[in-house]
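The values are calculated or read from the model by the stated rules, or taken from the named source; none is laboratory data. Small disclaimer: the values here were computed from a predicted structure and weren't measured. Neighbour counts are summed over all protein chains in view; Cβ atoms, including those assigned to glycine, are modelled from backbone coordinates with ideal geometry. Heavy atoms of the whole protein, side chains included, go into the accessibility calculation; ligands, DNA and RNA do not. Shrake-Rupley method; radii C 1.70, N 1.55, O 1.52, S 1.80 Å.
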Amino acid sequence: MKKVIFILFALVVALVAEAKVVLPQLFQSGMVLQRGKSLPVWGKADAGETVVVTFKKKTYETVADADGRWSVTLPKQKAGGPFELKVNDIVISDVLIGDVWLCSGQSNIDVTIERVYPQYTTEIDNYSNDEIRLSRVQTDTDTHGPKWDIKKTKWVTANKENAWLFSAVGYFLGREMHKKNGVPQGIIVNSLGGTPIQAWLSADSLNRHYPNDYRQTQFYQDDNMVRTIQRGNQLASNRWQKVMDDTDPGLKDGYTAADYDDSHWAVKNQYDNITGKRQYVGSFWVRQTVNIDAAHAGKPARLLVGTLFDADYTYINGKEVGRTYYQYPPRRYNIPAGLLKEGANALAVRFVTKGGNPHFIKDKPYKIIFEDGKELPLKEEWRVHEGAGMLPCPQVNFNLQNLPSVLYNAMLYPLAPYSLSGVVWYQGESNTGDGYGYQKKLSQLMSGWRQLWQMPDLPFVVVQLANYMAASDKPQDSGWSQVREAQRLAVKETDNAALAVAIDLGEAVDIHPLRKWEVAQRVAMGFDKLLWNKTLMLYPEVVDVNVSGSDVVLQLDQPLRENGKLYEFETAGSDGRFANAEAIAEGDKIIIKSAVATPTKVRYAWKNNPARVNAYSKAGLPMSPFEMNIGK
């Protein structure tokens, strides 16, 4: 009996010894705390455990409640550091006080420094700043409800190596704000590509306003069912890939080899329909010969194969030099020393598509670059040949990360109430199928997040969708335009919110345009206006409309950069059919010569890609696209 009692006592002692305070993942060495605001510090411990927080020689004591939760609030602090924050036996060092920005949304906030590096090579190579700290929230989901904490993360200083796979907008925002204010900057990024705004809304909000969305997430609260679907999809994908690989003549007959005879293959320009079919599923091969001079034979190089649809496996002289599993990333592959030989070299690309048609994206770089700066453009003509044609992969159309509330639960909720200076929201591409419903959702997101943080005036800067897809000289009914208008109106109707207009920063052929520094500069201007410089003028806005006959005069809040002809204006009559209209800038007015006798509506830049936009403020900011009713 004594032995049993001794064992039980030893177990109790061990459990007590193991009991310790737990802090959220954001509380780590290198962190940045928000200046000028009360600073919540919180965590978990055993129920009833005393927790002592020490900061700048002052202590703050509390006791964990019955659920083991505890929190203390540090008083407002001035910018500075580094300091030490101690919580019981946990020591967090190198703590800075400055400004903290939360950057959230989908893939365009996700676009990394690696992706945009060629756009800003020198500026990235030559910059590091110990006072800018970066933290990334790892991807996570939860259908059941809010989580207490995020997955493991860390804080790192801003330099090329640390920022390489970090958000370009976040990185550049830190640089802009540090340059402006000279205080430490903390950038927290919690975003995920391809996700709709519903995934970032709370279940309570959805249940009140969108009950069907709420029930959709409820349906997937059966974890076994979700795992079964995911496992089934993965097995189907693996089997589809294996069947394709096993039946692909290119892998069996050596289509990648330098000495393979492709003279019987068809020749196609890379911008034509290379398969000759409306749709092609499976693998498809293209080859071309690249001639290397004696001076560069055997030298390492960089191969740029633009951007391809969809996946690719790329080979030189039979050796794979790179692969990418989906359409968006630029193909930048390293060619190792010794692979390129003098004279003819075989470049082969194996496309793999599960739907659509393999193709090369226009206006992207296709070339080999050597270390001495020598560039060798690739030819647009390729020899082409079918690989393994396949039926579509049988899978359940299901993506857990896109379900309503799941990202709010796992990636957003646990961050509160970490004190912030402002929020960047860069999302909307995944909601262009329901643009008119986006305004309400965006307004709910801003109000819901403010409520979560208990900061009713938390500043938001919303990045408006950039121009994308083919330009048109005719009016369009565009889902992208609807989302842009929803973003403009949601911001206009929300206090302490600003719009960063990006209608001139996009690319026709890339949903992920590279000019992220310019985006960050406009975001920084938005925060400057919201927080410090209330009189700062951002993009030109219409403040009044007058109609005289068929002429429409728009009164702006500021003069435009240049007088003269403006493009991308349209007017419509009572039938709602829009027609192009001539427009002229005269100082702070725009005079529109309507082609419609009695105009009732006017709109500007209402297209997927209004390529001729030229209404700019004197500070160089473009006017936002808009649509408005006029007349009576």
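The table below gives the values:
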quantity	calculated
Residue match in segment 159-170 (condition: closer than 21 Å to Gly145 by Cα, in a helix (DSSP H, G or I) and at pLDDT 95 or above)	no
Residue within segment 450-468 that is open to solvent by 30 Å² or more (accessible area, probe 1.4 Å), farther than 30 Å from Ser38 by Cα, assigned to a helix (DSSP H, G or I) and out of contact with any Lys or Arg (no Cβ under 7 Å at 6 or more places or on another chain) present	no
Pair list, Cβ under 6 Å, 6 or more apart: segment 213-240 residue closer than 28 Å to Ile197 by Cβ, other residue of a type in the set (Val, Ile, Thr) and surrounded by 14 or more Cβ atoms within 10 Å (Cβ to Cβ)	Thr217/Thr143; Tyr220/Thr143; Tyr220/Val226; Gln221/Thr143
Residue that is touching a strand residue (DSSP E or B) at 6+ places or on another chain (Cβ under 9 Å), exposed (fewer than 15 other Cβ atoms within 10 Å of the Cβ) and not acidic (Asp, Glu), where the choices are Tyr325, Tyr333	Tyr325
Filtered residues of segment 380-401 (kept if among the aliphatic types (A, V, I, L, M) and more than 21 Å from Ser237 (Cα to Cα))	Val384
Filtered residues of segment 399-427 (kept if aromatic (Phe, Trp, Tyr) and either open to solvent by 10 Å² or more (accessible area, probe 1.4 Å) or on the phi > 0 side of the Ramachandran plot (or both))	Tyr408, Tyr413
Subset of segment 245-260 (residues that are more than 20 Å from Lys354 (Cβ to Cβ), out of contact with any strand residue (DSSP E or B) (no Cβ under 6 Å at 6 or more places or on another chain) and not aliphatic (A, V, I, L, M))	Lys252, Asp253, Gly254, Asp259, Tyr260
Leu134 hydrophobic (A, V, I, L, M, F, W, C) and outside any strand (DSSP E or B)	no
Condition met for Met177 (assigned to a helix (DSSP H, G or I) and over 27 Å from the mean Cα position of the chain (by Cα))	no
Selection count where residues are open to solvent by 60 Å² or more (accessible area, probe 1.4 Å) and of a type in the set (Phe, Trp, Tyr), scope segment 530-585	2
Among residues of segment 609-632, those that are open to solvent by 30 Å² or more (accessible area, probe 1.4 Å) and either in contact (Cβ under 8 Å) with a residue 12 or more places away in the chain or closer than 17 Å to Asn563 by Cβ (or both), counted	10
Pro82, sole failed condition from (1) surrounded by 19 or more Cβ atoms within 10 Å (Cβ to Cβ); (2) under 22 Å from Val156 (Cα atoms)	(1)
Residue count, segment 302-327 (criterion: among the hydrophobic types (A, V, I, L, M, F, W, C) and farther than 13 Å from Thr353 by Cβ)	5
Matching residues, segment 586-602, being open to solvent by 20 Å² or more (accessible area, probe 1.4 Å) and among the hydrophobic types (A, V, I, L, M, F, W, C)	Ile591, Ala595, Val596, Ala597
Strands (runs of 3 or more DSSP E) contained in segment 251-316 and holding at least 3 residues surrounded by 20 or more Cβ atoms within 10 Å (Cβ to Cβ)	282-292, 301-305, 311-316
Single residue of segment 111-152 satisfying the filter (hydrophobic (A, V, I, L, M, F, W, C) and touching a His at 6+ places or on another chain (Cβ under 7 Å)) that is nearest to Leu192 (Cα to Cα)	Val111
Check on Gln555, closer than 30 Å to Lys593 by Cα and either at pLDDT 95 or above or in a loop (DSSP other than H, G, I, E, B) (or both)	yes
Segment 377-396 residues that are more than 20 Å from Gln270 (Cα to Cα), paired with ones that are open to solvent by 20 Å² or more (accessible area, probe 1.4 Å) and in a loop (DSSP other than H, G, I, E, B) (beta carbon under 7 Å, 6 or more apart)	Pro392/Lys354; Pro392/Gly355; Cys393/Lys354
Filter result for the condition that a residue is modelled with pLDDT of 95 or more, surrounded by fewer than 24 Cβ atoms within 10 Å (Cβ to Cβ) and either within 16 Å of the chain's Cα centre (by Cα) or among the polar types (S, T, N, Q) (or both), over Pro513, Pro475	Pro513
Candidate set from segment 117-139 (those that are in contact with a strand residue (DSSP E or B) (Cβ under 6 Å, 6 or more places away or on another chain) and under 15 Å from Ala168 (Cβ atoms)); member that is surrounded by the most Cβ atoms within 10 Å (Cβ to Cβ)	Ile132
Every residue from segment 380-397 that is out of contact with any Gly (no Cβ under 9 Å at 6 or more places or on another chain) and surrounded by 14 or more Cβ atoms within 10 Å (Cβ to Cβ)	Trp382, Arg383
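Conditions tested, residue by residue: (1) surrounded by 21 or more Cβ atoms within 10 Å (Cβ to Cβ); (2) assigned to a strand (DSSP E or B); (3) more than 30 Å from the chain's Cα centre (by Cα).
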site	(1), (2), (3)
Thr494	no, no, no
Leu499	yes, yes, no
Ala502	yes, no, no
Arg522	yes, no, no
Met525	yes, no, no
